[in-house]
Amino acid sequence: MNDTICALATATGGALGIIRISGPQALEILSRIFTKDLTKEPANTVHYGHVKDGSLIIDESMASVFKAPRSYTGEDSAELTCHGSRYILNQILELLVQSGCRMANPGEFTQRAYLNGKMDLSQAEAVADLIASTNRATHRLAMSQLRGGISSKLAILREQLLKLTSLLELELDFSDHEDLEFADRDELLALAQTIEDHITKLSKSFDMGNALKEGIPVAIVGAPNVGKSTLLNALLGEERAIVSDIQGTTRDAIEDTINLDGVTFRFIDTAGIRHTSDTIEQMGIERSMAAARQARIIIMMTEPGVPYPEITTRNEQTIIRIENKTEKFQAKYGVGLEELKTKLIASIPSYSEDDVIVTNARHYEALQRAQISIHSVIKGLHQGLSGDLLSEDLRQVLDILAEITGGQITPQETLNNIFSHFCVGK
């Protein structure tokens with residue numbers, strides 16, 4: 001990281017644009033094209049001036065100065081706030097490159113922040129989630145992770161694992177002294193089970209975290225013509241699905257999302273469930289059943305004289321039954337719609353600020369592997385395995401959990417893969 005990088009940190013087309021610069025020569029390079037020597041200015045200050053190409057003024061700008069290690073990247077850095085003209089921004093970037101900068105790769109600023117110890121890997125990934133957040137729920141989850149929510153939980157687990165490992169290794173060191181006992185097996189087993197419970201709880205939270213991140217899947221199922229498409233249109237406030245008196249109109253699942261009380265719900269209007277000899281319609285019905293199996297919430301619709309659909313559900317699914325075209329509920333006229341929205345919001349499990357919800361698939365995969373390893377420890381304790389064999393599994397758990405925060409040496413290809421999904425300028 002001996003080079004200095006630059007990139008546009010804002011979308012083009014706005015009134016203002018921000019160009020970020022970071023690296024050992026950040027302030028020196030910017031000073032070459034700015035009307036003030038920023039290397040002599042104190043940290044955390046903002047300066048008015050002009051960006052110049054020789055004697056030609058390109059723009060009047062504000063330059064913010066940050067000095068290592070008290071900056072986002074941990075390096076000397078600057079942010080240049082300019083007018084948002086694409087031409088102006090491109091001209092300034094060209095001048096910076098000509099003066100010694102290199103154009104940054106996607107996510108390279110945040111990658112440098114991680115490598116310089118300004119944040120751990122899980123916090124770095126939270127930056128991307130924060131940028132991508134589309135509602136209050138996803139923003140809250142990303143902020144929790146950015147503030148070190150999962151890191152603090154893993155730190156507690158690490159302390160417990162180290163205690164367990166230390167007791168076992170101490171026992172090995174004094175194995176010749178049969179009269180000394182440093183590791184009571186019942187105590188070790190209780191501690192290992194506590195660790196497993198915590199890892200399992202984190203792992204299980206991914207189901208909810210992923211649903212909040214991608215949108216809570218809600219399947220609307222029922223017989224043909226009970227008002228499923230009408231309900232979807234009413235919820236969305238637009239004519240998204242075709243409404244017809246002809247049975248079997250909906251041949252494929254139709255998806256769209258709405259935001260209710262800061263949570264995104266992903267609604268799936270499915271084909272009417274009935275017995276049919278129509279091959280195409282039957283394919284739609286099979287997809288309806290698949291959508292219902294995958295949904296967290298199922299809205300079962302019927303109307304007077306029509307039975308509810310017979311589908312297989314899971315215990316963790318929420319089932320909301322609606323009898324349409326009645327005094328209490330009429331999707332066509334919005335009767336009962338607000339009550340339905342209230343039920344949908346109430347179906348989301350509540351969680352507090354202190355709860356850690358896993359939303360990252362990489363973290364989930366690591367937690368699953370850690371579960372397997374800690375279970376091996378518990379199994380070994382029950383079987384009376386020697387401390388050296390148990391220590392090996394415990395070390396494996398520690399290494400796996402360290403992958404989440406980057407506490408151990410993380411393979412370069414893993415880092416490249418993580419940060420390549422960031423936008424340029426972040």
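The values are calculated or read from the model by the stated rules, or taken from the named source; none is laboratory data. Being a predicted model, the structure only gives us computed values, none of them experimental. Here the Cβ is made from the backbone with ideal geometry for all residues, glycine too, and neighbour counts use every protein chain on show. All accessible areas refer to the heavy atoms of the entire protein, side chains included, with ligands and DNA or RNA removed. Shrake-Rupley method; radii C 1.70, N 1.55, O 1.52, S 1.80 Å.
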Accessible area of THR342 in the full protein assembly, 1.4 Å probe (Å², nearest 10): 90
Over the chain, what portion of Cα pair distances is larger than 32 Å, expressed as a whole percent? 58
Exactly which trypsin sites (Lys or Arg not before Pro) in segment 311-413 are in a DSSP loop and have at most 12 other Cβ atoms within 10 Å? ARG314, LYS328
Can you work out the base-10 log of I(q)/I(0) for segment 79-121 at q = 0.15, 0.16, 0.24 1/Å, using the Debye formula on its C-alpha atoms alone? -0.52, -0.58, -0.88
Please arrange HIS139, HIS50, HIS363 by accessible surface area, largest first, computed with a 1.4 Å probe and ligands excluded. HIS139, HIS50, HIS363
The chain: relative contact order in percent, alpha carbon pairs under 8 Å with at least 6 residues between: 17
Rg/Rh (Cα only; Kirkwood hydrodynamic radius) as it applies to segment 48-117: 1.01
Tell me the relative contact order for segment 299-426 as a rounded percent, counting alpha carbon contacts under 8 Å between residues six or more apart. 15
If I build a Gaussian network model for the chain, linking alpha-carbon pairs within less than 10 angstrom, which residue out of ALA15, ALA361, ALA132 has the largest mean-square fluctuation? ALA15
Computed D for segment 285-426, Stokes-Einstein, Kirkwood radius over alpha-carbon pairs, 25 °C, 0.890 mPa s, to the nearest µm² per second, is 120
Given charges of +1 on the Cβ of Lys and Arg and -1 on the Cβ of Asp and Glu, with all other atoms neutral, how large is the dipole of the chain about its Cα centre, in debye to the nearest 20? 1700
Average accessible surface area per residue within the chain, 1.4 Å rolling probe, Å²: 50
Which of the cysteines in the chain are isolated, no other cysteine C-beta under 4.7 Å? CYS82, CYS423
Can you send over the carbon and sulfur percentage of the accessible area for the chain, probe radius 1.4 Å, protein chains only? 50
Please list, ordered by chain and number, the residues whose modelled amide H lies under 5 Å from the amide H of ASN324; skip anything fewer than 5 residues away on the same chain. THR302, GLU303
Counting Lys and Arg as +1 and Asp and Glu as -1 over every other residue whose Cβ sits under 15 Å from the Cβ of ASP3, the net charge comes to -1
Sorted from largest to smallest, which semi-axis lengths in Å does the alpha carbon gyration tensor of segment 107-156 give for its equivalent ellipsoid, taking the root of 5 times each eigenvalue? 18, 15, 5
Here segment 19-30 yields Karplus 3J(HN,Hα) values (6.51, -1.76, 1.60; θ = phi - 60°; whole Hz; Gly and Pro given as x) of 10, 9, 9, 8, x, x, 10, 4, 6, 5, 5, 5
Inter-part distance where segment 32-81 and segment 301-365 are each reduced to a Cα centre, Å: 53
Tell me, what HN-Hα J-couplings in whole Hz come from the Karplus equation 6.51 cos²θ - 1.76 cosθ + 1.60 at θ = phi - 60° for each residue of segment 322-327, using x for Gly and Pro? 10, 9, 7, 6, 10, 5
Residue by residue through segment 75-88, what is 3J(HN,Hα) from phi via Karplus (6.51 cos²θ - 1.76 cosθ + 1.60, θ = phi - 60°)? Round to whole Hz and write x for glycine and proline. 10, 4, 9, 8, 10, 9, 9, 10, 6, x, 4, 4, 4, 4
